[in-house]
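Just below is one structure, and these are the notes that go with it.
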Amino acid sequence: MVHIGEISATGVAVCWTLSALFFEKAGGKIGSLAVNVIRLMMAVVLLGLGAWITRGFFFPTDATPYQWFWLSLSGFIGFFLGDLCLFHSYSVIGSRMASLIMTLAPPITAFVGFFFLGEHLSFQQITGISIIVGGIVIAMLGKEKGEKLNFNVPFKGFLFAFGGAMGQALGLIASKKGIGDYDAISATQIRAVTGGLSFMALVTFLRRWGSIRQAFSDKAGVKFVLAGSLAGPVIGVTLALFSIQHTASGVAAALMGLIPIFIIIPSAIMFKERITPFQVLGAFISVGGCVLLFLK
């Protein structure tokens, strides 16, 4: 199917938009650390069921040591280190500035993909990626009326947000290095297992298992985590791995990064946020970049 990789990457952005909304609700009830641990525990089980239905394997025992290494490394970098840096940056510089810095993820992915995987992007693809990133930045510059974006942020906060962007980019590259033509659902499960075990080790080190057990008693919070896990680590990440099997990593990363565009209307409905002219302009510009990536 023509442009199946690009279509899948756009689907990732839709799924991750939904998961962001669900996880935001869940985080307010049970805390971000509990969300991270529980979402990956749920993801491992849900992905196992999906793989069992589609290919008869609940656990990816047929993956080669090479695939296990690179996909596990991807899970550690992307699910664990990248998310830890990103969530910590929220508390230092705020989610809005952190999200702006995260727009560096697509160009970083394209750059690393060129040197590490030998991926060559056409001028049209580079232009499309640049337009999408530019549109996202514009959309985020004027989130609410009268709100000014403070670019004078602590360097530590910038480094944490940049670490989040690096985690997303390097995690995607490691996934592409390891997945080959392997099943995307089982490959995602390997990533989730590694990420989940890493967070469990952190919880053990911090002695926070009591708060994790307490989180399970919040039925509403757990329901939001379940919905977010299905949309994000399960369907979204599976589509992400499928997309990089069929298109360049930089192109996929740019389309996956459309979350700030897709989240405009849901945020306006759920959180009563005003849609600004900047957001409308940024959305139109990003759509123009998408059109370039879908044109031959």
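Can you give the local net charge around residue 214? Use residues other than it whose beta-carbon is closer than 12 angstrom to its beta-carbon, Lys and Arg +1, Asp and Glu -1. Write down the numbers at each step before the final one.
Details: positive: 29, 208, 213; negative: 218.
Computed value for this residue: +2.
With 32 Å as the limit, the listed pairs 219/272; 29/156; 25/177; 25/156; 176/272 have 25/177; 176/272 beyond it between alpha carbons. In this rough spin-label picture, where each label sits 7 Å from Cα along the Cβ direction, the residue 45-residue 57 distance is 2.3 nm. Projecting label points 7 angstrom from Cα along Cα→Cβ for residue 246 and residue 123 puts them 2.9 nm apart. For semi-axes √(5λ) of the Cα gyration tensor in Å, computed directly from the structure shown, the correct entry in (i) 33, 22, 16; (ii) 27, 25, 17; (iii) 41, 27, 16 is (ii). Two tests apply to each whole DSSP H helix in the chain, Cα reach of 30 Å or more along its axis and mean Kyte-Doolittle hydropathy of at least 1.0, and the ones passing both are 32-55, 184-206. Once the 1.4 Å probe is applied to the protein heavy atoms, the chain comes out at 47 Å² accessible per residue. Each label was represented as a point 7 Å from its Cα along the Cα-to-Cβ direction; for residue 217 and residue 156 these points are 3.3 nm apart. Remark: the residue 287-residue 208 segment gains 24.1 nm on full extension, using 0.36 nm per residue and subtracting the alpha carbon distance.
With all protein chains present, how much of the accessible area of region 156-224 (probe radius 1.4 Å) comes from carbon and sulfur, to the nearest whole percent? Don't jump to the answer; show the numbers that get you there.
Values: 2050 of 3220 Å².
Roughly 64 percent, rounded to a whole number.
How big is the dipole moment of region 141-267 about its Cα centre under a simple scheme where the beta carbon of each Lys and Arg is +1, that of each Asp and Glu is -1, and everything else is neutral? Debye, nearest 20, please.
420 debye
The alpha carbon centroids of region 71-88 and region 152-197 are separated by 5 Å.
The values are calculated or read from the model by the stated rules, or taken from the named source; none is laboratory data. Here the structure is a predicted model, which means the values were calculated and not measured. Positions of Cβ are backbone-derived with ideal geometry, glycine not excepted, and every protein chain shown enters the neighbour counts. Areas reflect the complete protein model, heavy atoms only, side chains present, ligands, DNA and RNA absent. Shrake-Rupley method; radii C 1.70, N 1.55, O 1.52, S 1.80 Å.
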